[in-house]
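Reading through the structure tokens given below for one structure.
The values are calculated or read from the model by the stated rules, or taken from the named source; none is laboratory data. Remember, it's a predicted structure, so these values are computed and weren't measured experimentally. Cβ placement follows ideal geometry from the backbone for every residue including glycine, while neighbour counts extend to all protein chains displayed.
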Amino acid sequence: MSDAVVLKEITKRYNDVTAVKSASFSASKGEVFGLLGPSGSGKSTLLRIIDLLEAPDSGEIQINGEDVRTDSKEAFQARRRIGMVLQKPVVLNRSVENNLAYALTIRGWSEKETQKRVDRELKRLGLEGRREKNARTLSGGEMQRLCFARSTVFDPDLLLLDEFTANLDPANVALLEDMVRSYASENENRAVIVVTHNLFQAKRMCHRIALMWDGRIVEVADRKRFFEAPEDERTAAFVSGELVY
């Protein structure tokens, strides 16, 4: 498998605080990659850097084999191929249908193509009967499923998920995790990076996992080795529940 994302020695500072410290890892096409760690360890900051929303103070980012800088033409093109779902659902103050269509319209899809894709997504989401309903009146689970669909409706190469099920009930967690697995398996050129502090979610979803601790990537391993035979003592303590943070 070729790499979808490569990070080399990424560092990010905010005033006197260094949130990300020389972080390096790669995520391959065709895999669900987990970025695991306690709250405040720098996971979300690193995800925003991958999404090219923030520029690192030092280090290099490659997306699909291309070096990108946050303010470059290449970054603009790369961002059009990235989807991101946040912990708290953020929807437009318009209909469910228009929320989905918006992501396609700004990317230049025709009206016919847009309508066909929106119809498909509404059916997949089980929201056909809520097509004209204002998205902000949906339940929390429905709203997050809509956000997921809006982030994947244009078939991005890279999908970034930031604690995307943290506030949901078990049924909606299961639904969204199934949607992620389906999305990743439908096309071998897609990559998914999941930020979570939930050990069980990482074990259910991810092919490989990195532990981030105090801004650093301390270990990257396949799922089995990460949970059963970690090399770093911090990883062993984290997965066993012995590490208090």
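So the check is Cβ under 7 Å with 6+ separation or different chains; which pairs have a first residue in the stretch 76-97 that's among the hydroxyl-bearing types (Ser, Thr, Tyr) and a second one that's modelled with pLDDT of 90 or more and not in a helix (DSSP H, G or I)?
Ser95/Arg131; Ser95/Glu132; Ser95/Lys133; Ser95/Asn134
So that you can scan it fast, the table gives a plain yes or no per residue for (1) closer than 17 Å to Val192 by Cβ; (2) among the aromatic types (Phe, Trp, Tyr); (3) at pLDDT below 95:
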site	(1), (2), (3)
Ser41	no, no, yes
Gly59	no, no, no
Gln62	no, no, yes
Asp67	no, no, yes
Lys73	no, no, yes
Leu86	yes, no, yes
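Here are Glu9, Glu54: which of them is touching a Ser or Thr at 6+ places or on another chain (Cβ under 9 Å) and modelled with pLDDT under 95?
Among Glu9, Glu54, only Glu54 is touching a Ser or Thr at 6+ places or on another chain (Cβ under 9 Å) and modelled with pLDDT under 95.
Within the stretch 99-123, track down each residue that is of a type outside the set (S, T, N, Q), surrounded by 14 or more Cβ atoms within 10 Å (Cβ to Cβ) and assigned to a helix (DSSP H, G or I).
Leu100, Ala101, Tyr102, Ala103, Leu104, Arg117, Val118, Asp119, Glu121, Leu122
Just for the stretch 15-26: of the residues that are touching a residue at least 60 places away in the same chain (Cβ under 8 Å) and farther than 15 Å from Glu60 by Cβ, which one is farthest from the chain's Cα centre (by Cα)?
Thr18
Hand me the list of strands (runs of 3 or more DSSP E) wholly inside the stretch 18-88 holding 1 or more residues that are among the polar types (S, T, N, Q).
58-63
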